[in-house]
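Novice: One structure follows; several queries about it will come next.
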Amino acid sequence: MIARGNPSLTIGVTTVVAVVLAAILGPLLFRADPLSIDLANILAGPSRAHPFGCDALGRDVLARVLWGARLSLSISTIVVAISLVVGSVIGATAALSGGRIDNLVMRGVDIFLAFPGILLAIALAAILGPGLIDLVIALTAMGWTGYARIVRGEVLTLRGRECVLAAETLGAKNSRLLMRHLLPGVVGPLAVQATFGIGGIIGAEAALSFLGLGAIPPTPSWGNMLDAGRAFLLVAPHLTTAPGLAIGFSILGFNLLGDGIAQKVGHRA
Amino acid sequence: MKNYLVRRLLALVPVALGVATLTFAIIHLVPGDPVIAMLGETAAPADIVGMRHQLGLDRPLPAQYVAYLGGLAIGDLGESISYRKPVSRLIAERFPATIELAAAGMLVAVLLAFPLGLIAGANPGGAGDLGAMGFAIVGISVPHIYLGPLLMILFSLDLRWLPLTGRGGIAHLVLPAITLGTALAAILARMLRQSLIRVRASDYMRTALSKGLSARAALVRHGLKNALTSVVTIIGLQMGALLSGTLIIEIIFSWPGIGRLLISAIGSRDYPVVQGCVLTFAMTYVVVNLATDLVYAIIDPRVRVS
């Protein structure tokens, strides 16, 4: 798994494993309630009972960061999984159909891509209102196009290969062509894209929750914790530091992992 | 070049139409009745009817669509519910602030990226490379919503060097621009390093060196120029992240641009303003992309033919 001469992969794997473990085991080991309000501890600094201090309602910041990790990682995994499947199916369909359908699909992709960055997700979240399911829909609408383009491009390239032409001549159906001959070639670039994608969605989810368009308080999410911390930058900077570092480390881990996988499979996203 | 320009402009038409159609759909995708969503459950029936008429929602859908596109053609984006002003005027008042922020962010990105990329690309694997690329990967990973507050704590609250929020002179622009430009700087620096490494292995670099050019002169005169094309492409691709980044930055630093207008309009369910802002962002992005491609075509003539 861990390759020599590929420090990105090593550090990336380590960081991602640490973040995932924190999300899964953290709330089990550190049992403070992320929602319980304690007026005696409002804006309290770090202490033994509350290692990351407490927020404006006296809630434990470490507990909220750990629960936030669960939310952030599960949302980004779900969004990337759906985007990957939807994007791949659309991209492969376009490439295999060719002609008019291909043209139509790619123009559709162009229209989606005309909405810069998280704007499409913001617009959709604005329409649908805040909430976790709506958040997943909004982020997926933003994410699927990348996978569609990769799969379409790879399928078009691979289609010209002799082995695929031979299989086609022998009468293999589109579905068989896709599964046996085309899919294996697409896995590498898709893995790279999906790994960077998880990092990207972690950032996008945090941004939407920060804007009040994602997870609804009191549900702890890194984005709404950062938003709540803005009012107390001077008196309680720990409210900003804890979720900020959590987002930064998670994205860094997935970026390094993506870099590492890219080096390994020889593909750039 | 003229052919290329015409072709690119024609390709723009379906995208622009698609973007307009999607923004038109915004108000119709609101679950339930958008007018009740805007006015609240307790609104008087007469007000609801009046608002529905004002927004044209009492007309058949095709007629609304045609009217919407017709309005766009003459720059009419409808009227804001909460400001009671034309949406186009609200946007026009705030657009320069957003562009100023985006341009400043781009400037920061380029100013940071070139030294970093050159240091890294001049001696890959060396200490400078490791340092520059370490900075780059951290720069890409730090989200705006953390970098912004971090810079505020450091430079506004602790050191008191720079103003905390708002728009004014250059001093107000520094922190928002750094927050916005850092990630792009990191991406550009990585790209520049990559292309420099590729360019260094090329035949024309070997020629330049064998002609007796110093390594530095060869790198700057021949290498950098060729490495630039891919950097320009990345700048174009990253304009989207930069533009949508302004949205977040405007909220963090209370910057009076269309990003803040959009977010406050979402809060007050002022759908005509939401539509107008989303459309403006998307169309700005489309135009900027076109401009990047044209710059690219000027730098690299091969693009025009293919």
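Novice: Can you pull out the helices (runs of 4 or more DSSP H) entirely within the stretch A:172-269 that have at least 2 residues that are hydrophobic (A, V, I, L, M, F, W, C) and over 30 Å from A:LEU43 (Cα atoms)?
Specialist: It comes to A:183-210, A:238-265.
Novice: Answer yes or no: is there a residue in the stretch B:261-271 that is β-branched (Val, Ile, Thr), in a helix (DSSP H, G or I) and more than 7 Å from every other protein chain (Cβ to nearest Cβ).
Specialist: Within the stretch B:261-271 (the criterion being β-branched (Val, Ile, Thr), in a helix (DSSP H, G or I) and more than 7 Å from every other protein chain (Cβ to nearest Cβ)), the answer is no, since none of the residues qualifies.
Novice: If the Cβ limit is 6 Å and pairs must be 6+ apart or interchain, which residue in the stretch B:261-277 that is farther than 19 Å from B:ALA16 by Cβ and among the small types (Gly, Ala, Ser) pairs with which residue that is at pLDDT 90 or above and crowded, with 24+ Cβ neighbours inside 10 Å?
Specialist: The qualifying pairs are B:ALA265/B:VAL273; B:ALA265/B:VAL274.
Novice: Follow-up. Consider B:ARG160 against the criteria (1) over 30 Å from B:ILE252 (Cβ atoms); (2) surrounded by fewer than 18 Cβ atoms within 10 Å (Cβ to Cβ); (3) of a type in the set (Lys, Arg): it satisfies all of them except one. Which criterion is unmet?
Specialist: Of the numbered conditions (1) over 30 Å from B:ILE252 (Cβ atoms); (2) surrounded by fewer than 18 Cβ atoms within 10 Å (Cβ to Cβ); (3) of a type in the set (Lys, Arg), the odd one out for B:ARG160 is (1).
Novice: Among helices (runs of 4 or more DSSP H) lying entirely in the stretch A:1-114, which contain 3 or more residues that are under 25 Å from A:THR195 (Cα atoms) and among the polar types (S, T, N, Q)? Give the derivation first.
Specialist: Numbers: elements: A:7-29, A:61-97, A:99-113.
Where helices (runs of 4 or more DSSP H) fall fully within the stretch A:1-114 and carry at least 3 residues being under 25 Å from A:THR195 (Cα atoms) and among the polar types (S, T, N, Q), they are A:7-29, A:61-97.
Novice: Considering the stretch B:233-248 alone, what residues qualify as being over 11 Å from A:LEU211 (Cα atoms) and within 11 Å of another protein chain (Cβ to nearest Cβ)?
Specialist: B:LEU237, B:GLN238, B:MET239, B:GLY240, B:ALA241, B:LEU242, B:LEU243, B:SER244, B:GLY245, B:THR246
Novice: Does B:LEU192 satisfy the condition of being within 14 Å of chain A (Cβ to nearest Cβ) and either surrounded by fewer than 24 Cβ atoms within 10 Å (Cβ to Cβ) or over 20 Å from the mean Cα position of the chain (by Cα) (or both)?
Specialist: For B:LEU192, the condition - within 14 Å of chain A (Cβ to nearest Cβ) and either surrounded by fewer than 24 Cβ atoms within 10 Å (Cβ to Cβ) or over 20 Å from the mean Cα position of the chain (by Cα) (or both) - is not met.
Novice: For the stretch A:228-251: of the residues being β-branched (Val, Ile, Thr) and within 7 Å of chain B (Cβ to nearest Cβ), which is surrounded by the fewest Cβ atoms within 10 Å (Cβ to Cβ)? Please lay out each step first, then the result.
Specialist: Here is the first cut: in the stretch A:228-251, the ones β-branched (Val, Ile, Thr) are A:235, A:240-241, A:247, A:251.
If we keep only those that are within 7 Å of chain B (Cβ to nearest Cβ) too, we end up with A:240, A:247, A:251.
On the way: A:THR240: 24, A:ILE247: 29, A:ILE251: 28.
Step by step, filter the stretch A:228-251, then rank; the result is A:THR240.
Novice: Being among the small types (Gly, Ala, Ser), facing another protein chain (nearest Cβ under 10 Å) and touching a residue at least 40 places away in the same chain (Cβ under 8 Å) narrows it down to one residue among B:GLY148, B:GLY166, B:GLY117, B:GLY181; which is it?
Specialist: Only one candidate qualifies: B:GLY148.
Novice: Cβ-Cβ under 6 Å, sequence separation 6+ or interchain: first residue in the stretch B:229-244 and closer than 21 Å to A:ALA123 by Cβ, partner of a type in the set (A, V, I, L, M) and not in a helix (DSSP H, G or I). Which pairs?
Specialist: Listed by first residue and then by second, the contacts come to B:SER244/A:ILE118.
Novice: List pairs: first in the stretch B:13-32 and polar (S, T, N, Q), second surrounded by 20 or more Cβ atoms within 10 Å (Cβ to Cβ), Cβ under 7 Å, 6+ apart or cross-chain?
Specialist: Hits for this filter: B:THR23/B:GLN275; B:THR23/B:VAL278; B:THR23/B:LEU279.
Novice: For the stretch B:55-64, check the following and say yes or no: at least one residue is in a helix (DSSP H, G or I), free of Cβ contacts under 8 Å to residues at least 60 places away in the same chain and surrounded by 14 or more Cβ atoms within 10 Å (Cβ to Cβ). Quick ask: steps written out before the conclusion?
Specialist: Narrowing the stretch B:55-64 to residues in a helix (DSSP H, G or I): B:61-64.
Still in the running and free of Cβ contacts under 8 Å to residues at least 60 places away in the same chain: B:61-64.
Among the residues that remain, those that are also surrounded by 14 or more Cβ atoms within 10 Å (Cβ to Cβ) are: B:64.
For the stretch B:55-64, residues in a helix (DSSP H, G or I), free of Cβ contacts under 8 Å to residues at least 60 places away in the same chain and surrounded by 14 or more Cβ atoms within 10 Å (Cβ to Cβ): present.
Novice: Just give me the residues in the stretch A:138-162 being surrounded by fewer than 18 Cβ atoms within 10 Å (Cβ to Cβ) and either under 17 Å from A:ILE90 (Cα atoms) or in contact with a helix residue (DSSP H, G or I) (Cβ under 6 Å, 6 or more places away or on another chain) (or both), in sequence order. Walk me through how you get there before you give the answer.
Specialist: First, pick out the residues of the stretch A:138-162 that are surrounded by fewer than 18 Cβ atoms within 10 Å (Cβ to Cβ): A:153, A:156-157, A:159-162.
Passing the criteria: A:GLY153, A:LEU156, A:THR157, A:ARG159.
Novice: While we're looking at this one, here's another question. Filter the stretch B:249-260 down to the residues that are in a helix (DSSP H, G or I) and either under 16 Å from the mean Cα position of the chain (by Cα) or more than 9 Å from chain A (Cβ to nearest Cβ) (or both) and list them by number.
Specialist: Once the filter is applied, which keeps residues that are in a helix (DSSP H, G or I) and either under 16 Å from the mean Cα position of the chain (by Cα) or more than 9 Å from chain A (Cβ to nearest Cβ) (or both), the stretch B:249-260 yields B:ILE249, B:GLU250, B:ILE251, B:ILE258, B:GLY259, B:ARG260.
The values are calculated or read from the model by the stated rules, or taken from the named source; none is laboratory data. Computed from a predicted structure; not experimentally measured. For neighbour counting, all protein chains shown are included, and Cβ atoms are generated from backbone atoms with ideal geometry for every residue, glycine included.
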